[in-house]
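See below for the structure under consideration.
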Amino acid sequence: MSADVDAVVELGFGVDLWRTLAPLRRGPGDPTMRREGDVVWRTSRMPSGTVTYALVQLDPRRVRVRAWGAGAAELLDGVPDLLGARDDPAGFDPIHPLLADAHRRFPGLRVPATHRVMESLVPAIIEQKVVGLDAFASFRRLVTRLGDPAPGPSPQGMRVFPTAETWASIPSWDYHRAGIGPERARTLQAAARLAPSIERLGTDDPARLYAGLRSIRGIGVWTIAEVGQRALGDPDAVSIGDYHLPAVVGVPLTGRPLPEDEVEQFLEPWRPHRWRVFRLLGLSPIARAPRRGPRMSRIDYRAL
């Protein structure tokens, strides 16, 4: 099937396509994003309509984009931001030798900006205070059942993120069946009902959007950072309060997990690149935090 858009995007910077976009995927079974060989498939709901698109890296500064659906042309316009045009790592000072090594190893790592706030906010709310695997499963169940079919050709099972109206209308028992507890369900429904106001805040002024999100009950610093990392391309949007953050940052850089109340102060010297620090440590083959140790308790809300 011929694509509605088939173009080569020339970038003014080098990018590592997969590592830059990887944080957008909500687990390996995410129905809105797949990787097959050298092709990264994604779907989205643009203001102009739904879109399926396939990205292939030709070289560090060129990416081929093929897109299908009513939102294809609008998606093409946003590809540079999606691949990190809003992110400028030039001012990043690694300070620590491990970070300097990772920065050299991954020169094409950028922070993506999708500009799709609800597509980042909804899964972030689902992931609040639960094990990632369980949150990914909940997101997959709901998007697979309620999302639109992906336009054009795509890997089997891909769907488009549901509308805000759909998220707001899901009854409490369906959230329960998907494994989402009542507190997260209420927060998600509240955010979905306010989606038009949230989208009007735009993504050009992060402080304004963050303040608007903070005014919604159940949305705090962690959730806002998760949106900033993906929708806004904010390299400083570190997820303070993340269960893994004290170990991921502390063990490689100090030899021990940090006390939770010291993480933010410890990361202060890297502002405005604190999220970049977290990403580089997560990618570095010599800066991995130990995997053993206490883990967050798993709760199957469907059994309650």
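Each of GLY218, PRO196, PRO206 was scored by the projection of its Cα onto the charge dipole of the stretch 146-236, and the greatest displacement toward the positive side belongs to GLY218; charges sit on the C-beta of Lys, Arg, Asp and Glu. Computing FRET efficiency as 1/(1 + (r/R0)^6) for ASP59 and ALA100, where r is the C-beta to C-beta distance and R0 is 22 Å, gives about 0.30.
With a ≥ b ≥ c the root eigenvalues of the C-alpha gyration tensor of the stretch 152-201, is it rounded (a/c under 1.5), prolate (a/b larger than b/c) or oblate? Here the stretch 152-201 falls in the oblate category.
Here the chain exposes an accessible surface that is 52 percent carbon and sulfur, computed with a 1.4 Å probe and the other protein chains kept in place.
Please report, to two decimal places, log10 I(q)/I(0) for the stretch 111-266 at q = 0.09 Å⁻¹ as given by the Debye formula with identical point scatterers on the Cα atoms and no solvent. These q points yield log10 I(q)/I(0) values of -0.32.
Pull out a ≥ b ≥ c, the square roots of the eigenvalues of the alpha-carbon gyration tensor of the stretch 27-173, then state rounded if a/c is under 1.5, prolate if not and a/b is larger than b/c, and oblate in the remaining case. Judged from the Cα gyration tensor, the stretch 27-173 comes out oblate (a/c at least 1.5, b/c at or above a/b).
In what order, largest first, do TYR53, TYR210 sit by accessible area if the probe radius is 1.4 Å? Before the final figure, lay out each step's value.
Values: TYR53 5, TYR210 35 Å².
From most accessible down to least: TYR210, TYR53.
If contacts are Cα pairs under 8 angstrom and at least 6 residues apart, what is the relative contact order of the chain in percent?
Details: 530 pairs, mean separation 57.5, N = 304.
RCO, the chain: 19 percent.
Near HIS273, once Lys and Arg are set to +1 and Asp and Glu to -1 for all other residues with Cβ below 13 Å from its Cβ, the sum equals -1.
Shown here for the stretch 201-268: trypsin sites (Lys or Arg not before Pro) in loop regions (DSSP other than H, G, I, E, B) with at most 16 other Cβ atoms within 10 Å, namely ARG217.
Seen through its C-alpha gyration tensor, with square-root eigenvalues sorted a ≥ b ≥ c, the chain comes out oblate because a/c lies at 1.5 or above while a/b is not bigger than b/c.
Just by accessible area at a 1.4 angstrom probe, what is the order of ARG34, ARG276 from largest to smallest?
Working: ARG34 50, ARG276 5 Å².
Of ARG34, ARG276, the descending order of accessible area is ARG34, ARG276.
From Cα pairs below 8 angstrom and at least 6 apart in sequence, can you work out the relative contact order of the stretch 120-269, rounded to a whole percent?
Numbers: 156 pairs, mean separation 27.4, N = 150.
Once normalised by length, the contact order is 18 percent.
Fully extending the segment from ASP88 to GLU165 would add 24.2 nm, taking 0.36 nm per residue of separation and subtracting the current Cα-Cα distance.
Mean residue ellipticity, 222 nm, helices only, the chain: the sum of -39500 (n - 2.57) across DSSP H runs of n ≥ 4, divided by residue count and rounded to 500, is -10500 deg cm²/dmol.
May I ask you to work out the translational diffusion coefficient for the stretch 1-53 at 4 °C, viscosity 1.567 mPa s, via Stokes-Einstein with Rh from the Kirkwood sum over Cα pairs, reported in whole µm²/s? Please list the in-between numbers first.
On the way: Rh = 12.9 Å.
Using the Kirkwood radius from Cα pairs, D works out to 100 µm²/s.
The values are calculated or read from the model by the stated rules, or taken from the named source; none is laboratory data. In this text, all values refer to a predicted model and were calculated from it rather than measured experimentally. We place every Cβ from the backbone using ideal geometry, glycine too, and count neighbours over all the protein chains shown. The accessibility values were calculated without ligands, DNA or RNA, using every heavy atom of the protein model including side chains. Shrake-Rupley method; radii C 1.70, N 1.55, O 1.52, S 1.80 Å.
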